[in-house]
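Values in this text are rule-based calculations from the coordinates and carry no lab data. From a predicted model like this one, the values you see are computed outputs, not experimental measurements. Note that we place each Cβ from the backbone using ideal geometry, even for glycine, and neighbour counts take in every protein chain shown.
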Amino acid sequence: MNLQNDSSYIYLHGFASSPDSAKAKYFRSHFSSLGIDLKTPDLNQNDFSGLTLTRQLQQIETEFFQTESSESVEKVKNVGEVTIIGSSFGGLTAAWLAQRQLSVKQIVLLAPAFQFLSHWLPLLGQQQLEKWQSENYLPVYHYGEQRYLPLNYQFVADMAQYPEEKLMRSVPTLILHGKHDTIIPIQASRSFAADRPWVQLIELEDDHSLGNVLGEIWEAMQKFCQFKN
């Protein structure tokens with residue numbers, strides 16, 4: 001985990017995505033060109049059906065942050081300073097990790113899924129939502145797997161534990177969000193940044209994928225993270 005200047009860099013992919021997404025590959029390659037090993041954990045854990053925000057947080061905290069036991073002696077993992085880059089639901093996860101883990105020194109959020117359920121659930125409609133709740137599983141298209149997979153209703157119930165008004169730790173934050181995003185409207189990021197002076201929001205001419213502006217994102221990210229060329 002000891003990377004450049006005793007710093008660690010982690011990329012968290014989005015909902016129904018994977019570490020093999022176009023963005024993950026792009027950033028891994030560009031970090032590698034700087035001699036940095038960008039960690040890209042798989043948040044699916046071979047069990048997309050059981051996905052929750054709590055599970056994602058616990059996965060990353062166990063792998064990168066929490067204390068570990070060795071010969072009955074508790075010791076803290078030497079992670080140094082951590083920068084987390086999160087896309088969509090991975091961005092929401094990154095924001096909560098920054099709130100919970102003091103070693104997170106800065107975060108970069110790409111179209112973060114703030115107010116996620118308030119945007120997503122109305123698209124399902126009341127009838128489908130009630131069916132999901134009663135049957136416990138909803139078929140969701142998984143872009144990484146390129147097929148539909150069942151998602152447990154616990155995904156929705158779990159989100160109630162995470163009111164975004166509690167995300168108030170003043171961690172330097174860069175948000176990059178597309179003006180034409182119909183999945184997570186840019187207003188969600190505008191609202192989040194409005195009363196948090198440590199948040200910088202850059203609005204881009206793209207949709208939720210941000211696939212057409214990766215060069216602009218990388219340029220802004222290098223400046224924010226103060227990478228030396």
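A compact table of results
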| read-out | value |
| --- | --- |
| Exposure rule at most 13 other beta-carbon atoms within 10 Å, DSSP loop GluC sites (Glu not before Pro): the chain longest free segment | 72-144 |
| Gain in span if fully extended, L34 to A194, counting 0.36 nm per residue against the direct Cα distance | 54.3 nm |
| Two-site FRET efficiency, D6 against E135, from Cβ-Cβ distance with R₀ of 41 Å, rounded to 0.05 | 0.25 |
| Additional length obtainable on full extension of the chain from E219 to D20, 0.36 nm per residue less Cα span | 69.5 nm |
| Sites matching chymotrypsin sites (Phe, Trp or Tyr not before Pro) across the range 155-219 that sit in DSSP coil, with at most 15 neighbouring C-beta atoms within 10 Å | W198 |
| Farthest toward positive dipole pole in the range 4-225 [+1 Lys/Arg, -1 Asp/Glu at C-beta], among F116, Q128, Q222 | Q222 |
| Rounded to the nearest 20 debye, dipole of the chain from Cβ charges on Lys, Arg, Asp, Glu | 320 |
| Under 9 Å, Cβ to Cβ, from Y9 - net charge with Lys/Arg +1 and Asp/Glu -1 | 0 |
| Signed unit charges on C-beta, dipole axis of the range 4-225, positive-most listed residue S18, T182, N152 | T182 |
| Cut-off 15 Å (backbone N to label point 7 Å along Cα→Cβ of R100), residues of the range 144-175 | 158-164, 166-169 |
| Pairs from K105/K131; K39/K223; K25/K131; K23/K131 whose Cα-Cα separation, in the structure shown, is over 32 Å | K105/K131; K25/K131; K23/K131 |
| Residue-span extension gain [E205 to D47] - 0.36 nm each, minus C-alpha spacing | 53.4 nm |
| Axial C-alpha extent at least 15 Å, average Kyte-Doolittle at least -1.0 - helices from the chain (DSSP) | 22-33, 89-100, 214-225 |
| Percentage relative contact order, the range 4-225, counting C-alpha pairs under 8 Å, at least six apart | 20 |
| Sites matching trypsin sites (Lys or Arg not before Pro) across the range 96-183 that sit in DSSP coil, with at most 12 neighbouring C-beta atoms within 10 Å | K179 |
